[in-house]
Structures are given as structure tokens and as C-alpha cells.
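Presented below is the structure to which this report refers.
The values are calculated or read from the model by the stated rules, or taken from the named source; none is laboratory data. Because the structure is a prediction, the values reported are computed rather than measured. Cβ coordinates were reconstructed from backbone atoms using ideal geometry, including for glycine residues, and neighbour counts include every protein chain displayed.
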Amino acid sequence: MGDLINLTIKELREMLKKKEISSVELTRYYLKRMSLIDNEIKAYVRPTEEIALEMAKEADEKITRGEEAPLLGIPLGIKDILCTKGIETTCASNILKGFIPPYDATVMKKLKEAGYVHLGKLNMDEFAMGSSTENSAFQTTRNPWDTARIPGGSSGGSAAAVASGLCVASLGTDTGGSIRQPAGLCGVIGMKPTYGRVSRYGLIAFASSLDQIGPFSRTVSDCATMLNVIAGYDPMDSTSIPEPVPDYHSFLGKDLKGVRIGIPAEYAIEGIEDDVRKNYEESLKVLEEQGAALVDISLPHTPHAVATYYIICTAEASSNLARYDGVKYGLREEGKDIIDMYKNTRNKGFGPEVKRRIILGTYVLSSGYYDAYYRKAGKVRTLIRRDFDAAFASCDLIVTPVSPTTAFKTGERIEDPLTMYLSDIFTIPANLAGLPAVSIPGGFDSRGLPTGLHIIGKALDEGPILRAAHVFESVMKFRTVPERLTN
Amino acid sequence: MKITKETVEYVAHLARLQLGPEEIDAYTGQIDKILEYMESLNSLDTDGVEPTSHPVPVACVMREDAVKPSFTADESVGNAPARIDTFFKVPPIIEQEE
């Protein structure tokens, strides 16, 4: 049974169809792994064994009836930021404790239609604010490659669960790198699709002009399978793109002849670790050997991306999080009048990073500072978008490292928010420009910690990104689950 | 200093956050550092550049004016921490005049 974690969704679906395994057996296999391993990793905030077994049983009945669906009987984990009808959804925040959504997010509806099995909700930084999953109100998730280190964030639970073999695949969200950075630090695949490619309906908002839902998986094939299910226009999300969705599997299994890969000069920053740089340079060589042409490009406004991002995301967050007022859902702390009740509720319900960002966001939007910060950041965002437009005139994909360092130690940066923010330098620009990007395993450092390879594409070019990712994966075949967790 | 303790306290009040003295101290130092970093944007000439508020062009989306099922009143207030029947219960908002 130990081999099950090495199988793709397509392979598992074949086994399920041929009755070589049942969904209940597959689900029990993952539930058992969760009971053995997750005490140490702490990826799940809310494992839901009964629901999982019920959904698996239903899937088995459908399989017996000859029904087909891309995820029929496949056990997945879900970031606790996506509304799941009837299942508590908290964003890892005390303020939403006990919130039971009366509806499913569009992606959850799509996963259900595709036949998935719900193993549980996965840990995250509170309201997706953070790069280490240390900001969860409930628990600190550990990096499966070294449990003294962080798994990245904010989708740290989603990344760690996939890298520990605690689900076949998972969903996360990415506002400034929250899928790609933890995927990179945990050595798995994580894709942030084009802004608007996947509906945000039912995704609890952090920064609405940046947030995007995407999959985590151990193979590029599974990333394509998941994206096939969740992508597409949704009338419930007015920013959703009304374009048809291609079959992402049709991009896999091709070489890289004729593909121009841009190497941005500005990403050779100080503070990038030697092993990260070395693995990145070797990865470029591999891509070239597989037929790609490497092209030098310039993204001149990159050094301003982090400042721009933290103005925009905190501004949007301060506005989005105004809804937590102790009236409609979640926590309420009584007070002497309504203002006092709001303050007591929000003071007790929000953790330190969320409060810090609400204050920053309120400040940059406040009268007298709006033009200097928020409007200025919007203008620089335009310059960053134009950088990409100009670069994509001479290349098809852009390849960079995912993070300047491998996973850092738990507690190391929690008191220094600015340093924590700067670790998102390579992932933030794609969010500002709304572009799709993937993190794939790119090797290991001398301590055995994974480094990620980051591939950015033009808007709606998830297919070409997956094509390159698949070529690289086929050549390198990096391990995605630490050996000690495979038995 | 880009920001003072008093400003942090005032902005926290605007955001309906009640901070303790230690929190105000810590946030003032951290936010000051972050704002200073953010001011690096001032080195860029952005005259005549239109700000981006959305990465993809957003048009006004229309839908069919069709009747569809919606949440019941009971479902809508189902998560409220305090309710009376199908109403949200809140503390008094307007003081009663004596």
C-alpha cells in the first residue's frame, strides 16, 4: 500500500474503475496516514473522517454504476479559507470559530461534481496573512522535510499535507505567493492560475484584486487534472474570465523546442542562498537541453513589487475584514455599546499579524495618505504589469527561483514582519500582474531542504506553463515526499 | 518617525480595534519600519500613469433577471452569535433620550 502515494490521480482512477481498490480503501489509507503522521506535521485543522468515509462510499456506489468523473473517489484536503457547506470554515481565525457556511464555494461545488472525497480542512496563516503558517490561531504546521522549520505560507497546511502524503492533492489560495512559496519550501507542485481563471465565489476574501485559488499536487499530471476541474467562468464572480478552458493534459508530454524562456536580470538579488542559486542555474541548463531557448529579459520595476504589494493587499484587507463585527457570524464579545462590542470582538478575534495589516491598510487608505500610498501603489502596479507585457514580447515563459532561501526555522522571523514580507519578492509580481505561475520541485540544498522552480506565463497560459513543468519533472524526477514518511 | 503612537491608536480606533499599550508600542515601531520601506516608491516617476485596481479588465457583468431559490431567513441568520427569531440581535445603536 506504501506505493499508493506515488500514483497519479489518473492512475488511481484506473485502479478504482477496475475495482483493484475501492475509494473507501483509498480513503482509509489516507486517514490512517493522517492518524500516524499528522500529530507531527499538524497540517489538518479539521480532519473529517466520517464525512470522508461517507463520500468515499458514495463514490464507490457511483463507480459500481459505471459513472465517470475526473476525481471520483479521490481523497483531497482543502484550505480552511474555502467555504464548505455544513463544514466549519474558520480561516484559522478565532473570529470565525464555529462558522458553518450555508453554501459551497464554486470550487467546492466543482470538486463535488467531480466526485472528490473530503479528508478535512487544512491549516493556514490566519486569513491567509503570512509566509510561514505560524499565524494560525490554532496550530503551527511543520515542514515535512525538517519539522523544526516552517512549511511556508499562507497555504502551509495544503503544501505540508501533499508533501507528507496526507492527501492525494489539495487546494490552496495565493495572494502574494501563498501557494507557490509553500509548494517550493515543501518540494511539491503548486499553481496560481491567471486572476479570473478560477472563480473566487466562496473564497473568504483577503485582497480581492490579488486572491486566486489553485491546486497542490505531487505530479504535474495531477496539477492538470485539478485545474481541469476548478477552472472556468462563473457568473457568481464578476471578475471571472469568460473564456473556454482547454484540457490541460493536452499540453503534457511535449518537448520544449521553440519555447523561449526569459531570465530576468533583476531576480539576481542579494540575499539569495548559494544552493538556491545553484539549483536555479542547473534547472535553466536542463530546460535548455530539452530544447528551450534562454533569453535575457528585464523586469525593471521588480525591486518595488514588495512595497507595492503590501500597500495594496493591506488596503484591500482592511476593507474586506471590516465585515467581522460580531453580528453576522463568528465570535462576539459584549461591550458597553455597539462600538465597544465591535472593538472587543475584533481585539479578541484577530491575531497580531491580522491586526497589523488592518492598521497599515486603514492608514494607507486614510484621508491625507491615500494618494501618497494607495494611489501611488496602483500606479507602480501599472508599471509592473507593463514590465511583463514588454518582457513577453521576447519570451513565452519566465523562469525564476520561488524563494530566495529554503525553509527557515519556526520562530526565526515572526518578530520581524518586514523580513518576512521580503521573502515573497519572487512570487508577488505575478499576483500584481494577474499572471499564472507554478512552483515545481527544483532540487535540494545541502541540508536536504527543497528548493522550488518558478515558471510564470502570459495571462491564460497555464497550459504552456504545465508543458514546461512536465518536461522538467520527467527529466529530474525529484522525490516529493521525504523517505521517512513513505513507509 | 513616519508614524506616532497617537496615530497608531487613532487608526486602530478607525478600524475598530482596541489595542493595549504594549501592542501600540510594538506596532508603532514595526509599522514605522514598513512605511519607511514603502516610501521607496517615491523614487519612481509615475506622472501620467493610470493606476491599476484590477489585473484584468473588469466590465459590468449583467445576469438574467430570473427568480432563483435563495437562503431562507433562518439560514441567513444561522451563524449569528445573537439573534431573536430571524433577526440579528445587536446592542443599542441610538441612545434613548430620557
For segment A:367-379, what are the residues that are within 8 Å of chain B (Cβ to nearest Cβ) and buried (at least 18 other Cβ atoms within 10 Å of the Cβ)? A:Tyr373, A:Lys376, A:Ala377, A:Gly378, A:Lys379
Exactly one of these conditions fails for A:Ala231: (1) closer than 28 Å to A:Gly361 by Cα; (2) touching a Pro at 6+ places or on another chain (Cβ under 7 Å); (3) small (Gly, Ala, Ser). Give me its number. (1)
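Quick check on my filter: what residues within segment A:333-362 are more than 25 Å from the chain's Cα centre (by Cα) and over 15 Å from A:Ala322 (Cβ atoms)?
So in segment A:333-362, the residues more than 25 Å from the chain's Cα centre (by Cα) come out as A:333-348, A:359, A:362.
Of everything in segment A:333-362, those that are more than 25 Å from the chain's Cα centre (by Cα) and over 15 Å from A:Ala322 (Cβ atoms) turn out to be A:Glu333, A:Glu334, A:Gly335, A:Lys336, A:Asp337, A:Asp340, A:Asn344, A:Lys348.
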Helices (runs of 4 or more DSSP H) contained in segment A:254-356 and holding at least 1 residues in contact (Cβ under 8 Å) with a residue 60 or more places away in the chain and away from chain B (no Cβ under 14 Å): A:274-289
Does at least one position in segment A:410-418 carry a residue that is under 20 Å from the mean Cα position of the chain (by Cα) and buried (at least 24 other Cβ atoms within 10 Å of the Cβ)? no
Criterion (crowded, with 20+ Cβ neighbours inside 10 Å and either at pLDDT 95 or above or outside the structural domain of A:Phe216 (by TED's automatic domain parsing) (or both)) met by exactly one of A:Gly448, A:Gly442: A:Gly442
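Every residue, every condition in (1) at pLDDT below 95; (2) basic (Lys, Arg); (3) assigned by TED's automatic domain parsing to the domain that holds A:Ala128, yes or no:
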| residue | (1), (2), (3) |
| --- | --- |
| A:Arg323 | no, yes, no |
| A:Gly326 | no, no, no |
| A:Lys343 | no, yes, no |
| A:Phe350 | no, no, no |
| A:Ala372 | yes, no, no |
| A:Ile384 | no, no, no |
Identify the single condition in (1) polar (S, T, N, Q); (2) surrounded by 21 or more Cβ atoms within 10 Å (Cβ to Cβ); (3) within 20 Å of A:Asn431 (Cα to Cα) that A:Asn279 does not satisfy, given that it satisfies every other one. (3)
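Just wondering, is there one or more residues in segment A:103-126 that are among the hydrophobic types (A, V, I, L, M, F, W, C) and under 24 Å from A:Tyr342 (Cβ atoms)?
The initial filter retains those residues of segment A:103-126 that are among the hydrophobic types (A, V, I, L, M, F, W, C), namely A:105, A:107-108, A:111, A:114, A:117, A:119, A:122, A:124.
With under 24 Å from A:Tyr342 (Cβ atoms) added as a condition, the list becomes none.
No, there is no match, as no residue in segment A:103-126 is among the hydrophobic types (A, V, I, L, M, F, W, C) and under 24 Å from A:Tyr342 (Cβ atoms).
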So for segment A:123-130 (the condition being part of a strand (DSSP E or B) and farther than 25 Å from A:Ile51 by Cβ), does at least one residue qualify? no
Return yes when A:Asp237 is among the charged types (D, E, K, R), in the same structural domain as A:Val168 (by TED's automatic domain parsing), surrounded by fewer than 22 Cβ atoms within 10 Å (Cβ to Cβ) and in contact (Cβ under 8 Å) with a residue 60 or more places away in the chain and no when it is not. yes
Quick one: in segment B:69-98, which of the residues that are part of a loop (DSSP other than H, G, I, E, B) and away from chain A (no Cβ under 11 Å) is surrounded by the most Cβ atoms within 10 Å (Cβ to Cβ)? B:Thr86
Looking for whichever is out of contact with any Gly (no Cβ under 7 Å at 6 or more places or on another chain), within 29 Å of A:Pro215 (Cβ to Cβ) and more than 8 Å from chain B (Cβ to nearest Cβ) here; the options are A:Pro429, A:Pro417, A:Pro404. Which one fits? A:Pro429
Identify, please: which residue in segment B:1-51 is at pLDDT below 95 and not in a helix (DSSP H, G or I) and is, among those, nearest to the other protein chains (Cβ to nearest Cβ)? B:Gln18
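Could you say which residue among A:Thr400, A:Thr382 is part of a helix (DSSP H, G or I) and either buried (at least 17 other Cβ atoms within 10 Å of the Cβ) or not hydrophobic (A, V, I, L, M, F, W, C) (or both)?
Sole residue among the options that is part of a helix (DSSP H, G or I) and either buried (at least 17 other Cβ atoms within 10 Å of the Cβ) or not hydrophobic (A, V, I, L, M, F, W, C) (or both): A:Thr382.
Do the conditions hold for B:Pro81, that is, is it at pLDDT 95 or above and under 24 Å from the mean Cα position of the chain (by Cα)? Walk me through it before giving the result.
Working: at pLDDT 95 or above: yes; under 24 Å from the mean Cα position of the chain (by Cα): yes.
So B:Pro81 passes the test.
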Checked segment A:106-121 for anything closer than 24 Å to A:Glu316 by Cα and either under 16 Å from the mean Cα position of the chain (by Cα) or within 14 Å of chain B (Cβ to nearest Cβ) (or both); matches are A:Val107
Enumerate the pairs (first residue in segment A:463-487 and free of Cβ contacts under 8 Å to residues at least 40 places away in the same chain and surrounded by fewer than 18 Cβ atoms within 10 Å (Cβ to Cβ); second residue anywhere and assigned to a helix (DSSP H, G or I) and not small (Gly, Ala, Ser)) with beta-carbon separation below 9 Å, excluding pairs fewer than 6 apart on the same chain, so at least 6 apart or on different chains. A:Ser474/A:Val220
